[in-house]
Amino acid sequence: MPMAIAAHAAQGAWKQQFEKLSDEYFDQVYFRYAPSGATMIGFHQYDSQLEDFSRPAIHAEIAALNSFEKRIEAIQPDDSPADFVPRTDREMVLANIRSQLLTLETIRPWAQNADNYSSACANAAFVLMERKFAPPDERLRSLVAREKQMPALLAAARANLQNPPHIFTEIAIEQLPDIISFFERDVPQAFADAQDPALKVEFARANTAVIAALNDYLNWLKTDLLARSNGDFRIGADTFHKKLEYDEMVDLPLDRLLEIGWADLRRNQEHFKQVAHELEPDKDSHAVLEELGEDHPAPDQLLDSFRATFNSLVDFIRAHHIVTIPSDARPIVEETPPFMRATTFASMDTPGPYETHATEAYFNVTLPDPKMTPAEVEGYMHSFNVGTVISTAVHEAYPGHYVQFLWVPQAPSKVRKILGANTNAEGWAHYCEQMMLDEGYGQPGTGARDARESKLLRLGQLQDALLRDARFIVGIEMHTGKMSIQQAEEFFQKEGYQSKETAEVETKRGAGDPTYLYYTLGKLEIMKLREDVKKKEGAAFSLEQFHDDFLKQGFPPIKIVREAMLGDDSPTL
């Protein structure tokens, strides 16, 4: 073999080595310890397995992660531009391993968060019943196998949870009645058309045992664990910084990030005040905010309100060449699953990139809790005003999460289809909220009836932007010990322009999702990338082409997207 050919073969060998090793990592660690996630992705060989949070399993996962980290580090990639995708895929896999090690060894949700256990049971069942990727009996057989393991999972919780944060135990107690009802009512209904009599008897027995175990778990949380839940939910500055670096490839100092967050908050507050003054010159912005909140659909009309947005959004996107929509299929709007209701108002649940049979996508909306008083329902519905309904539809569906999901088949590698950064996914969806209005959606005839409603749509978009700005600041301040739970709730109301009910939900979420600054952070990174591409391309710049080029990358951190689209490693912010 000539020397030049031999050298080229040797240079290319690392790519095959990495591809083989990353496949082993996904099979032996990533999905082995998160089999419900594998079901969601579309890898159904894991359907009968359940998450294992026992100490031996946690120690085994840590050992496997350390082993794969060393093996992947040992692979030395080439710097050739042609090897950009596998080289950056290697960085993403290493970052994922380090993030999971940080989670298991330092953040330790298995020792902190009671809701992780009960919600893991619900999610493991939900992903088998939500999509009909196989006949009912086949999916029910997998569910029975998982349900038989659920009492042991809840037993592991009692061994692991010693002194968790009070707020985490409260969230678990809040969510458990709905989870129990889910197993009592929703799960049996989902498999009502199963045929095998023996299997149905086996399911009834397993499901009854799960319900009993969940009731016992709830009683234990109330009568035992809650009183000794005095732990600290804060992860601290060092861990916060590492988590951002591993998950988002962002290594800015936290003080600098706070400056960025505050600047965006003030910018959006001023814009809100300006539009509010144009709308109601004789009222201050908070009075206009209250007026905006009162303009919402009735709770029983909320799901239809979201469905009604799709036609105008899609028509505008196509007419104004915003982004290519690869499919005409629409997402299905439905109520949020029970185990997610305590910490989310709306979400998009798309099929996994390897799901070939059941490809429905679900737009989940959390309706008011039936136990709420009329006053609490009204306060809750302020979060679904005429402006935020549009903003949320843009974020979750068109051209946000749902359109980004439709682009996943074009992602350049298996790694890019499985792993992703929140600054990319949530950053894109949040960026779209502002971008769509900036491009003209919401003007009379395009999403708004008249000029007044057009301004209300802008106020709704700004209110959502302020919510994300508040998350940005609260996440850092709470987890570095500079803001209490109560102060965080007050911050969401005063500075983030949110209702008391929304503030409570958002603060709970921030306690367990410390880096939920990724919405605003990703949006700002994308806006800077767009301006830098525009400067580079000049008159040839096309917004639609920019968006298409962005989405075809998959979900890597924006740092990687920048390098792909600009050909350099210039700063993301």
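Bear in mind that the values in this text are calculations on the coordinates, not laboratory data. The structure displayed is predicted, hence computed values, not measured ones. Cβ sites come from the backbone with ideal geometry, for glycine too, and all protein chains shown count toward neighbours.
Just subtract the alpha-carbon distance of Gln76 and Glu138 from 0.36 nm times their residue separation and send over the number in nm, one decimal.
Fully extending the segment from Gln76 to Glu138 adds 18.0 nm.
Roughly how many debye, to the nearest 20, is the charge dipole of the stretch 286-368 about its Cα centre, given +1 on each Lys and Arg Cβ, -1 on each Asp and Glu Cβ, and no other charges?
On the way: 4 positive and 13 negative charges, 66 e Å.
Dipole of the stretch 286-368, to the nearest 20 debye: 320 debye.
Treat each spin label as a single point 7 Å out from the Cα along the C-beta direction, and report the Asp438 to His321 distance in nm.
Taking the simple label geometry, Asp438 and His321 are separated by 1.8 nm.
Suppose every K and R has +1 on its Cβ and every D and E has -1 on its Cβ; what is the size of the dipole of the chain about the Cα centre, in Debye to the nearest 20?
Around 1160 debye, computed over the chain.
Over 29 Å between Cα atoms: which of Lys222/Lys242; Lys15/Lys559; Lys70/Lys243; Lys417/Lys528; Lys15/Lys417 fall into that group?
Values: Lys222/Lys242 34 Å; Lys15/Lys559 21 Å; Lys70/Lys243 20 Å; Lys417/Lys528 25 Å; Lys15/Lys417 17 Å.
Lys222/Lys242, as the Cα separations exceed 29 Å there.
What FRET efficiency do you get for Asp255 and Ala204 if R0 is 56 Å and r is their Cβ-Cβ distance, rounded to the nearest 0.05?
E(calc), rounded to 0.05, equals 0.45.
Could you calculate the FRET efficiency of Phe84 with Asp450 from 1/(1 + (r/R0)^6), where r is the beta carbon distance between them and R0 is 35 Å, rounded to 0.05?
Efficiency at R0 = 35 Å is approximately 0.10.
Of all the C-alpha pairs in the chain, what % are more than 38 Å from each other?
The answer is 30 percent, as a whole percent.
Just how large is the dipole of the stretch 185-233 about the Cα centre, in debye to the nearest 20, putting +1 at every Lys and Arg Cβ and -1 at every Asp and Glu Cβ?
Roughly 160 debye for the stretch 185-233.
Order of Glu360, Glu73 from fewest to most other C-beta atoms within 10 Å? The partial results should precede the final answer.
Details: Glu360 15, Glu73 11.
The order, fewest Cβ neighbours first, is Glu73, Glu360.
Which ordering of Lys20, Lys371 is given by a fewest-first count of other beta-carbon atoms within 10 Å?
Working: Lys20 10, Lys371 7.
If I rank by nearby Cβ atoms, fewest first, I get Lys371, Lys20.
Among Gln487, Ala511, Ile473, which residue has its Cα furthest toward the positive end of the charge dipole of the stretch 415-533, with +1 on Lys/Arg Cβ and -1 on Asp/Glu Cβ?
Ala511
On a full-extension model of 0.36 nm per residue, what is the gain between Ala540 and Lys494, subtracting their alpha-carbon distance, rounded to one decimal in nm?
Taking Ala540 through Lys494 to full extension adds about 12.2 nm, to one decimal.
Once amide H atoms are placed 1.01 Å from N in the peptide plane, what residues at a sequence separation of 5 or more from Val333, or on another chain, have their amide H within under 5 Å of its amide H?
Long-range HN contacts for Val333: Phe363.
Ignoring solvent entirely, what values of log10 I(q)/I(0) come out of the Debye formula for the stretch 312-390 at 0.17, 0.27 Å⁻¹ when each Cα is a single scatterer?
So the normalised log intensities work out to -0.87, -1.30.
Work out how much length Arg307 to Glu24 would gain on full extension: take 0.36 nm times their residue separation and subtract the Cα-Cα distance, in nm to one decimal. Display every interim value, and only then the final one.
On the way: separation 283, 0.36 × 283 = 101.88 nm, distance 4.17 nm.
The Arg307-Glu24 span can extend by a further 97.7 nm.
Enter the per residue convex hull volume of the stretch 332-433, computed from alpha-carbon coordinates, in Å³ rounded to the nearest integer.
On the way: hull volume 11.6 nm³, N = 102.
In the stretch 332-433, the Cα convex hull volume per residue is 114 Å³.
Within the stretch 274-309, which residues have the backbone N less than 11 Å from the label spot 7 Å out from Arg330 along Cα→beta-carbon, could you tell me?
304-309
Which value, in Å³ per residue, describes the convex hull spanned by the Cα atoms of the stretch 476-573?
Residue-normalised Cα hull volume stands at 136 Å³.
With unit charges on the beta carbons (Lys and Arg positive, Asp and Glu negative) and the dipole taken about the Cα centre of the stretch 360-462, which residue among Gly442, Asn424, Ala411 sits farthest to the positive side?
Working it through, the farthest residue towards the positive pole turns out to be Ala411.
Just order 26-36, 510-520, 78-88 by mean Cβ neighbour count inside 10 Å, highest at the front, would you?
Highest mean packing first, the order is 510-520, 26-36, 78-88.
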